[in-house]
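**Student:** Below is one structure. I have some questions about it.
The values are calculated or read from the model by the stated rules, or taken from the named source; none is laboratory data. In this text the structure is predicted, and so the values were computed from the model without any measurement. FYI the Cβ positions are ideal-geometry reconstructions off the backbone, even for glycines, and counts take in every protein chain you see. Areas reflect the complete protein model, heavy atoms only, side chains present, ligands, DNA and RNA absent. Shrake-Rupley method; radii C 1.70, N 1.55, O 1.52, S 1.80 Å.
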Amino acid sequence: MIKKFVCVQCPLGCKLTVELNGNEIVKIEGNRCKRGIEYAEDEIKDPKRVLTTSIKVIGGNLPLVSVRTDKPIPKRYIKEIMEIIKEKEVKAPVKRGDVIIQNIMNTGANIIATRSVEKL
């Protein structure tokens, strides 16, 4: 089986071709740097993504604060993590870089604020 996708690890955007025998990787082609190989292996074995969304702010000059994970998380956890984030509220003020949720679902990733929200 052949799988094709675009690497998103750097601005080069290499078009990767991965040859599989069942679930085993036989060959990876099209990468112009080592990160392409790592990305292809992750995409086949356990795809990961940086999650971006927003969380409700209580008493702030904005109703929501934008957040993201500080490192990629397994794609299979995104739905459950979004349920946790949906229930989360934070009190203003929030500073850019504040950790809102530590080690979400034991992934080793934190949910961090990507902008500041002032207190009213």
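**Student:** What is the antiparallel percent of DSSP beta bridges lying wholly in the chain, to the nearest 5?
**Tutor:** Values: 24 of 27 bridges.
Once the DSSP bridges in the chain are tallied, antiparallel ones form about 90 percent.
**Student:** Next question, about the same structure. From Cα pairs below 8 angstrom and at least 6 apart in sequence, can you work out the relative contact order of the range 12-109, rounded to a whole percent?
**Tutor:** Numbers: 114 pairs, mean separation 20.2, N = 98.
Reported relative contact order: 21 percent.
**Student:** Could you check how much of the accessible area of the chain is carbon and sulfur, as a whole percent, using a 1.4 Å probe?
**Tutor:** On the way: 3840 of 7970 Å².
Carbon plus sulfur share of accessible area: 48 percent.
**Student:** Suppose only helical runs count, i.e. DSSP H with n ≥ 4. What mean residue ellipticity at 222 nm does that imply for the chain under -39500 (n - 2.57) per run, divided by all residues and rounded to the nearest 500 deg cm²/dmol?
**Tutor:** Details: 2 runs with 22 residues, N = 120.
Theoretical 222 nm ellipticity from helices: -5500 deg cm²/dmol.
**Student:** Against the longest principal axis of the chain, how steep is helix 78-87, in degrees 0 to 90 to the nearest 10, with axes from Cα atoms?
**Tutor:** Helix 78-87 sits at roughly 0 degrees to that axis.
**Student:** Using the Cα centre as the reference, give the magnitude of the dipole from point charges on the C-beta atoms of the range 1-60 (Lys, Arg: +1; Asp, Glu: -1; all else neutral), rounded to the nearest 20 debye. Don't skip to the end; give the middle numbers.
**Tutor:** Numbers: 11 positive and 8 negative charges, 56 e Å.
Taking the Cα centre of the range 1-60 as origin, the dipole is about 260 debye.
**Student:** At a 10 angstrom cut-off on C-beta neighbours, averaged per residue, how do the peptides 17-26, 59-68 rank from highest to lowest? Let's see the in-between values first.
**Tutor:** Values: 17-26: 11.9, 59-68: 16.2.
The packing order, highest mean first, is 59-68, 17-26.
**Student:** Just to be sure I understand: with springs between alpha-carbon atoms less than 10 Å apart, which residue in 27, 75, 56 has the highest mean-square fluctuation in the Gaussian network model of the chain?
**Tutor:** Answer for the Gaussian network model of the chain: 27.
**Student:** Right, something else. Once label points are set 7 Å from the Cα along Cα→Cβ at both residue 120 and residue 64, what is their separation, rounded to one decimal in nm?
**Tutor:** About 1.8 nm separates the two model spin labels.
**Student:** Related question: Accessible area per residue of the chain at 1.4 Å probe, in Å²?
**Tutor:** Accessible area per residue: 66 Å².
**Student:** Still on this structure, I have one more. For the chain, find the longest principal axis of its Cα atoms and tell me its angle to the long axis of helix 34-45, 0 to 90°, nearest 10.
**Tutor:** It is inclined by approximately 80 degrees.
**Student:** Further, regarding this structure: If you place +1 on the Cβ of every Lys and Arg, -1 on the Cβ of every Asp and Glu, and leave all else neutral, what size is the dipole of the chain about its Cα centre, to the nearest 20 Debye? The partial results should precede the final answer.
**Tutor:** Numbers: 23 positive and 15 negative charges, 72 e Å.
Dipole about the Cα centre, nearest 20: 340 debye.
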